[in-house]
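Quick note: the coordinates plus some simple rules give every number you see, no bench work behind them. Owing to the predicted nature of the structure, the values given are computational and were not obtained by experimental measurement. Don't worry about glycine lacking a Cβ; one is built from the backbone with ideal geometry, like all the others, and counts go over all protein chains shown.
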Amino acid sequence: MLIFASGMPVNFFKYQATGNDFVIIDNLTNFFNKNDTKLIARLCDRRFGIGADGLILLESSSDFDFKMIYFNADGRESSMCGNGGRCIVAFARRLGIIKDTTIFTAIDGPHEAKIEASQISLKMQDVKSIENKAGGIIIDTGSPHYVSMCKDLDNLNVQIEGAKIRNASPFLEDGINVNFVDPIDSENFAIRTYERGVEGETLSCGTGATAVAIAMHASQKTNSNCITLQTQGGDLEVQFRFKDESYFDVWLRGSVRYVYEGTFDNF
């Protein structure tokens, strides 16, 4: 059982969004020590803990329905996670905090979301800056992303090639998420993502899918404003509007699944 100073066991909940999986904890009473990076990393460890790409705390907010705090699997608090944001919306409804729509806050500001059966749509931040750097397209969609075109995506060693870019000198200090893209047609793109903090490939990445969709439009690989991203864990859909070199009204949509809940001991 996961036990803190009070001696009381604490439940955790496991959710996944197109294979991007998270440990989620109800922290409305602020009992969880957010500075305990070792504990968070151990909870996310797939051999000695629960196992997840990241850990999310749901906290109270005076101005919004709730607050999302996201930690990478290495235990450090990180930037926005799109799939994690969609998962915490499902969790908030499970707790009875919301119904089918919500506005919550995260590290990058407020987000709207709506629930339609197993599909959850999350409104992402506007994108006004797109940069060509180090052979790729750099976009911040709440988290920084590098987008690179790639042939024979199925046989790409994402662990090796992603780590090379993530640890390259222009990105070494803060790290960057790396997305490899192979066009299927003008509205469908296959992607694979190497995530900083996880330091490996994840089955999908929400902010990465958003970055790829915008990058494909910005580089004129598509004229569509509704793009499907085929990830290793399933399909994600990104819609947006474009005007005056800015992308706005950006929505990320895909499935979310409750996996299980339990308690954790021997930490």
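Distance from a point 7 Å along Cα→Cβ of residue 187 to each backbone N in the stretch 206-227: keep the residues under 17 Å and list them by number.
Answer for this model: 213-214, 216-217, 221-227.
Given (i) -0.71; (ii) -0.57; (iii) -0.64, which label gives log10 I(q)/I(0) by the Debye sum over Cα atoms at q = 0.11 Å⁻¹ as computed from the coordinates?
(ii)
Determine the alpha carbon to alpha carbon distance for each of 133/164; 67/123; 133/243; 151/221 and list only those over 20 Å.
Among 133/164; 67/123; 133/243; 151/221, the Cα-Cα distance tops 20 Å for 133/243.
Using the beta-carbon distance between residue 94 and residue 169 and R0 = 35 Å, what value does 1/(1 + (r/R0)^6) give for FRET efficiency, to the nearest 0.05?
After rounding, the FRET efficiency stands at 0.20.
Which value at 222 nm does the chain reach when only helices count, each DSSP H run of 4 or more adding -39,500 (n - 2.57), with the total divided by all residues and rounded to the nearest 500 deg cm²/dmol?
Helix-only estimate at 222 nm: -5000 deg cm²/dmol.
Count the net charge of all other residues whose Cβ sits under 15 Å from the Cβ of residue 127, scoring Lys and Arg as +1 and Asp and Glu as -1.
-3
In whole Hz and in residue order, list the ³J(HN,Hα) couplings for the stretch 39-46 that follow from phi through the Karplus curve 6.51 cos²θ - 1.76 cosθ + 1.60, θ = phi - 60°; x for Gly and Pro.
So the J values, rounded to whole Hz, are 5, 4, 4, 5, 4, 7, 5, 7.
Using only the alpha-carbon atoms, how far is helix 206-218 inclined from the longest principal axis of the chain? Give it as 0 to 90 degrees, nearest 10.
With both axes taken from Cα atoms, the answer is about 20 degrees.
Report the Cα centroid-to-centroid distance between the stretch 50-113 and the stretch 184-254 in angstrom, as an integer.
Their Cα centres are 20 Å away from one another.
Normalised by the empirical 2.2 N^0.38 Å for globular proteins, what value does the Cα Rg of the stretch 130-253 take?
Rg over 2.2 N^0.38 Å, computed on Cα atoms: 0.96.
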